[in-house]
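J.: Mind looking over this structure? Questions follow.
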Amino acid sequence: MYQVFFVITLVLLLVYCLLIWIYRRWLLRLPEFSSTGQEARTRFSVIIPARNEEDHIGNCLRSLFAQSYPAGLFEVIVINDHSTDRTEAVVHSFQQQHHNLRLLNLHELLNGKQLNAYKKKAIELAIAQSSGSWIVTTDADCTVQPEWLLLYDSYIQEKDPVFVAAPVMFRHTGTFLSAFQLLDFISLQGITAAAVSAGYHSMCNGANIAYRKDVFDKVGQFRGIDQIASGDDMLLMHKIKQAYPERLGYLFSKKAIVTTEPMYDWKSFLNQRIRWASKADKYQDRSIFPVLALVLAVNALLLLLLLWGFFEEGGWMNWLILIALKTLVELSLMIPAARFYRRGAILVWFPLMQPFHILYTVMAGWLGKFGRYQWKGRTVN
């Protein structure tokens, strides 16, 4: 029985390794984008949903208003999602200096209506009041680089897309948890850059995406996915991909990286990952679900094989062989991705993180389907 289980695990792991190798090849073929120096002409509306972000929203806004992009060509709309701290006051203080900053309060627009997807509704309502032809979204705990909008404008002029995904990375605080998140995110972002550029998956992160406002309206906004708490990024991207299959792109540039805060405790981290996993079975993108199922199956089998190793002679050695194979193949993707993000030094921790990563993947995948999570003070089923 053990031998059969081992062979099944090995076969699925080999399929997984082949998939990682394909992603690696796509990533290595991806050239870094740079501005060609055209005159800026795209009118952007930067949308920032914010809930209890008084500690971060100031840094976010400072980075936005340090853009090298003409101030007359972009506006920033912060939509305050029922904050109970000083988020609104911080935004008001910035409004004294920046005429292109607007603040909307979600509780005033909803008139007490209860929702399951507050963030989607916040973005939707902010877009309805925006003036830009292109919508760019980021999060209130993010900071952007001075050429961020300039690069978006150049990419739009050169490639003529309707939806653009772009890179995101965590800050590293020096803790074990921070290193764990950084390594996990490097792999996710590497796969995202590779798969989107190859036209294979509709993957992105809402902290750094842009799309045409008229296209958002044409695909029905968030209609059809508005009952799902998460998915204001990837589920929307898939809707747009269905309507415009050849007009999605990835802005692969170091100067376009948006930096965000890591989770500062394990409970918050797990809740975040459960929130991400909760939309796994909601994807209509048929290319994504089998990949997610394969990742979950491989990690679940490796976890069971690890536990079985306590009772089977030679079980531990077999498990170590499989883990070594998995680690080496994943590193082949992680190295170029980490080099792009200038995070190569963190890879020394990657082999040691494997057991923790396997356990967390299985937990998040299971709880994302059958459990509930807390996010921003709200409990979501």
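The values are calculated or read from the model by the stated rules, or taken from the named source; none is laboratory data. All values reported here derive from a predicted model rather than from experimental measurement. For neighbour counting, all protein chains shown are included, and Cβ atoms are generated from backbone atoms with ideal geometry for every residue, glycine included.
J.: Here are some conditions: (1) farther than 20 Å from S131 by Cα; (2) over 20 Å from the mean Cα position of the chain (by Cα); (3) buried (at least 19 other Cβ atoms within 10 Å of the Cβ); (4) not aliphatic (A, V, I, L, M). W21 meets all but one. Which one does it not meet?
T.: Against the list (1) farther than 20 Å from S131 by Cα; (2) over 20 Å from the mean Cα position of the chain (by Cα); (3) buried (at least 19 other Cβ atoms within 10 Å of the Cβ); (4) not aliphatic (A, V, I, L, M), W21 comes up short only on (3).
J.: Residue check: is T42 farther than 22 Å from F216 by Cβ, part of a loop (DSSP other than H, G, I, E, B) and either of a type in the set (S, T, Y) or modelled with pLDDT of 95 or more (or both)? Write out each step before concluding.
T.: On the way: farther than 22 Å from F216 by Cβ: no; part of a loop (DSSP other than H, G, I, E, B): yes; either of a type in the set (S, T, Y) or modelled with pLDDT of 95 or more (or both): yes.
In short, no.
J.: For segment 309-338, give me the residue count where each residue is surrounded by 13 or more Cβ atoms within 10 Å (Cβ to Cβ) and either closer than 21 Å to W21 by Cβ or polar (S, T, N, Q) (or both).
T.: 16
J.: Continuing with this model, one more query. Could you grab me the full set of residues in segment 237-269 that are over 23 Å from F170 (Cα atoms) and in a helix (DSSP H, G or I)? Write out each step before concluding.
T.: Residues of segment 237-269 that are over 23 Å from F170 (Cα atoms), as a first pass: 238-248.
Selection gives H238, K239, I240, K241, Q242, A243.
J.: Can you list residue pairs whose Cβ atoms sit under 6 Å apart, with the first residue in segment 83-98 being outside any loop (DSSP other than H, G, I, E, B) and the second being of a type in the set (A, V, I, L, M, F, W, C)? Count only pairs 6 or more apart in sequence or on different chains.
T.: Hits for this filter: T87/A50; T87/I57; V90/I57; V91/V78; V91/L103; F94/L61; F94/L101; Q95/L101.
J.: Further question on the same structure: Mind telling me which of the residues I123, I77 ends up being of a type outside the set (D, E, K, R), more than 23 Å from S268 (Cβ to Cβ) and under 21 Å from the mean Cα position of the chain (by Cα)? Talk me through it step by step, then tell me what you get.
T.: Working: I123 fails: more than 23 Å from S268 (Cβ to Cβ).
Step by step, each of I123, I77 is checked, and only I77 is of a type outside the set (D, E, K, R), more than 23 Å from S268 (Cβ to Cβ) and under 21 Å from the mean Cα position of the chain (by Cα).
J.: Could you list, in sequence order, all residues of segment 24-60 that are hydrophobic (A, V, I, L, M, F, W, C), surrounded by 15 or more Cβ atoms within 10 Å (Cβ to Cβ) and touching a helix residue (DSSP H, G or I) at 6+ places or on another chain (Cβ under 7 Å)?
T.: The initial filter retains those residues of segment 24-60 that are hydrophobic (A, V, I, L, M, F, W, C), namely 26-28, 30, 33, 40, 44, 46-48, 50, 57, 60.
In the following step, the residues that additionally are surrounded by 15 or more Cβ atoms within 10 Å (Cβ to Cβ) were identified as 26-27, 30, 33, 40, 44, 46-48, 50, 57, 60.
Once the filter is applied, which keeps residues that are hydrophobic (A, V, I, L, M, F, W, C), surrounded by 15 or more Cβ atoms within 10 Å (Cβ to Cβ) and touching a helix residue (DSSP H, G or I) at 6+ places or on another chain (Cβ under 7 Å), segment 24-60 yields W26, L27, L30, F33, A40, F44, V46, I47, I48, A50, I57.
J.: Condition test on S63, is it of a type in the set (S, T, Y), assigned to a helix (DSSP H, G or I) and buried (at least 17 other Cβ atoms within 10 Å of the Cβ)?
T.: On the way: of a type in the set (S, T, Y): yes; assigned to a helix (DSSP H, G or I): yes; buried (at least 17 other Cβ atoms within 10 Å of the Cβ): yes.
So S63 fits the description; yes.
J.: Considering only residues that are among the charged types (D, E, K, R) and crowded, with 18+ Cβ neighbours inside 10 Å, look in segment 169-212 and name the one that is modelled with the lowest pLDDT.
T.: Within segment 169-212, the match that is modelled with the lowest pLDDT is D184.
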